[in-house]
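To keep things clear, I will list the structure first and then write my remarks on it.
The values are calculated or read from the model by the stated rules, or taken from the named source; none is laboratory data. The structure displayed is predicted, hence computed values, not measured ones. Note that we place each Cβ from the backbone using ideal geometry, even for glycine, and neighbour counts take in every protein chain shown. Heads up: the accessible areas ignore ligands, DNA and RNA and are worked out on the full protein's heavy atoms, side chains in. Shrake-Rupley method; radii C 1.70, N 1.55, O 1.52, S 1.80 Å.
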Amino acid sequence: MENIIEVSGLAKLFANQSALKDVSFQVKKGETFGFLGPSGSGKTTTIKILTAQLAQTDGTALVFGVPASKLKEAGYRKKIGVLTDNSGLYARLTVHDNLKLYCDLYDVPHTRIDEVLDMVNLKDAKKKAISKLSKGMLQRITLARAFLHKPELLFLDEPTSALDPVNSKHIYKGLESLKEQGTTIFLTTHDMNEAEILCDRVAFLNDGVIQLLDTPKALRQKFADHTLTVELADGSKEIIDRGPEGAEAMYNYMKESKVVSIYSNEPTLGDIFVEVTGRKLS
Amino acid sequence: MTFSIKRSIAILQKDYKDVSKNLFVGSSIFMPLVLAALYGRLGVESINEFYMIFNMTFCLVAAYVQCSLIAEEKEKNTLRGLMLSPASTVEILAGKSLLSFIATVLVIAFAAFLIEYKPENILVISIALILSTVFYIGLGTVLGLVTKSVMEASVVILPFMAIFSFGSFLTVFAEKYPILKVAEYMPNSQLIILASEVQIGASLADIWFNLLVILAWVAVIYILVVIVYRKRMMD
Ligand SMILES: Nc1ncnc2c1ncn2[C@@H]1O[C@H](COP(=O)(O)OP(=O)(O)OP(=O)(O)O)[C@@H](O)[C@H]1O
Ligand SMILES: [Mg+2]
């Protein structure tokens, strides 16, 4: 499968502090790639390098096969959508006027405005001034603006950090449909549940390097301790091995009709994150 | 890189809507008109006084509006979105310059009507006024590129207002202090000299030198725009 992003040996030095030391990864066409890491680990910095907003100190970053720094041409800009943390919307203008400007800049018909507002569940806010919107609404408008032009590659830097669960779900549905249309998504998030729902593969960035990179399922299996927890009728919980040693214990519990429920002790992405980075999520 | 007039127009439309909702910047467009209305009622008739209003328009509309349009994009973080879009910096600046240009021309025309200024040679005066507008938009662009917020822009513009709106009065003292002769070569002074000559019957052949001086200022300011742009946009 074709690689949309190819990063190798990427390093970034700010003044005297290194944000990225040696980062390498590839993002395949059509996949949703989760870029996870503690606060300050360099996720936003990586997105900035990949979107030609920042130059790297060392290493190569190819997007669509060309160095990221060369992406300033209109033709490439039309293939890329970016959502960053600070909204960048015109406060005095309405939602509609903000999106209309971007329709014109990207050569997109104005009818697209209603479509994207529907995707972020904000059709009613069309005539409202940006300055009158809540934080979560702003984030959704910024998101709508990011995929207004149906980009082939979408960078999302914490797209749901200000959203309630209902609206997050709505956004997930929207992102799923973009994915079905073949959009490649590069996503950073602090929400491990979100990463699990959306991402085909995730990378854990820590101390300037990628410490893990795989599908969420493979990571869970890799970090699983191969035990089951059995909740018994008397309210106690027993941890038993999934192997042959556990079989007899389980057989006995079941024979005596003592089993209330069984859980698999697979770690969540959050557990793996804490284990790998040795730090709490912020 | 190709230049898209469509994208420039889109930015112009956006800025027009934005400025019309911005009391602070929007009101500076009307200030010269208020003064012009006042002058009109007082029956002011000298070229010096007419051109004080015009030079004020250049500073408040051409330079200041241009400067604050650029500064605000940086202050509110909206420039980033534009830079990530297909719009190039040249297209963005062109859109803003077009708005400042149209606003300046309209205000000058309306102010001239209010003060009942009737130039003897409308063609020459039009050329001189348009050249001046282009110069002040360049000045506003330079200041907009170096300032980071509308507040900062409003402060930075003040000394330029003092020099370019009222600086022409310095030439009055030039007899006594020869150093002030330099003020005669300022674009605002040149414009007044040119307009005074035209009013007493001068033709293009008589005032070509003044036009050339203003043109030289235009060249200098746009070279400065390019230099500052290259330095500032490297972030
Ligand atoms: N312009 C800058 N100048 C100096 N240092 C910077 C700059 N931008 C980022 N940094 C530093 O680089 C490091 C990585 O920052 P970055 O914003 O990429 O982190 P992040 O992973 O996106 O964090 P978060 O999850 O909080 O958004 C931080 O230590 C930050 O202080
Ligand atoms: Mg970040």
Residue by residue through region B:13-43, note down the ones that are small (Gly, Ala, Ser) and either on the phi > 0 side of the Ramachandran plot or more than 14 Å from chain A (Cβ to nearest Cβ) (or both). B:27, B:28, B:36, B:37, B:40, B:43
Would you be able to say whether some residue in region B:76-89 is open to solvent by less than 10 Å² (accessible area, probe 1.4 Å) and away from every other protein chain (no Cβ under 13 Å)? no
Run down A:115, A:176 and say which single residue is more than 16 Å from ligand 2 (Cβ to nearest atom), over 29 Å from residue A:19 (Cα atoms), under 14 Å from the mean Cα position of the chain (by Cα) and open to solvent by 60 Å² or more (accessible area, probe 1.4 Å). A:176
Against the definition (more than 16 Å from ligand 1 (Cβ to nearest atom), open to solvent by 20 Å² or more (accessible area, probe 1.4 Å), at pLDDT below 95 and not aliphatic (A, V, I, L, M)), how does residue A:128 come out, yes or no? no
Within region A:106-113, is even one residue basic (Lys, Arg) and either away from chain B (no Cβ under 14 Å) or touching a Phe, Trp or Tyr at 6+ places or on another chain (Cβ under 7 Å) (or both)? yes
Residue pairs qualifying under the 6 Å Cβ cut-off, at least six apart or on distinct chains, with the first in region A:260-276 being open to solvent by less than 40 Å² (accessible area, probe 1.4 Å) and the second being in a strand (DSSP E or B) and acidic (Asp, Glu), are A:261/A:231
Meets criteria (aliphatic (A, V, I, L, M), part of a helix (DSSP H, G or I) and open to solvent by less than 20 Å² (accessible area, probe 1.4 Å)) for residue B:34: no
Which members of region A:4-50 meet the condition of being touching a strand residue (DSSP E or B) at 6+ places or on another chain (Cβ under 7 Å), within 15 Å of ligand 2 (Cβ to nearest atom) and among the hydroxyl-bearing types (Ser, Thr, Tyr)? A:41, A:44, A:45, A:46
The lone condition residue B:10 fails out of (1) within 9 Å of chain A (Cβ to nearest Cβ); (2) closer than 23 Å to residue A:74 by Cα; (3) open to solvent by less than 60 Å² (accessible area, probe 1.4 Å); (4) modelled with pLDDT under 95 is (4)
Can you spot a residue in region A:54-76 that is within 11 Å of another protein chain (Cβ to nearest Cβ), within 16 Å of ligand 2 (Cβ to nearest atom) and touching a residue at least 60 places away in the same chain (Cβ under 8 Å)? no
With the condition kept exactly as written, say whether any residue in region A:222-229 is crowded, with 18+ Cβ neighbours inside 10 Å and either away from ligand 1 (no atom under 16 Å from the Cβ) or away from chain B (no Cβ under 14 Å) (or both). no
Name the pairs whose Cβ atoms lie under 6 Å apart, with the first residue in region B:148-159 and within 13 Å of residue B:66 (Cα to Cα), the second small (Gly, Ala, Ser) and modelled with pLDDT of 90 or more, and 6 or more positions between them or separate chains? B:149/B:71; B:150/B:68; B:150/B:71; B:153/B:68; B:153/B:71
Residues in region B:50-69: is at least one touching a Gly at 6+ places or on another chain (Cβ under 9 Å), surrounded by fewer than 24 Cβ atoms within 10 Å (Cβ to Cβ) and within 14 Å of another protein chain (Cβ to nearest Cβ)? no
Which pairs have Cβ atoms under 6 Å, sit 6 or more apart or on different chains, and link a residue in region A:8-23 that is under 20 Å from residue A:65 (Cα atoms) to one that is near ligand 1 (Cβ under 8 Å from one of its atoms) and open to solvent by 30 Å² or more (accessible area, probe 1.4 Å)? none
Residue selected from region A:33-44 under the condition more than 14 Å from every other protein chain (Cβ to nearest Cβ) and out of contact with any helix residue (DSSP H, G or I) (no Cβ under 7 Å at 6 or more places or on another chain), by the criterion farthest from ligand 1 (Cβ to nearest atom): A:33
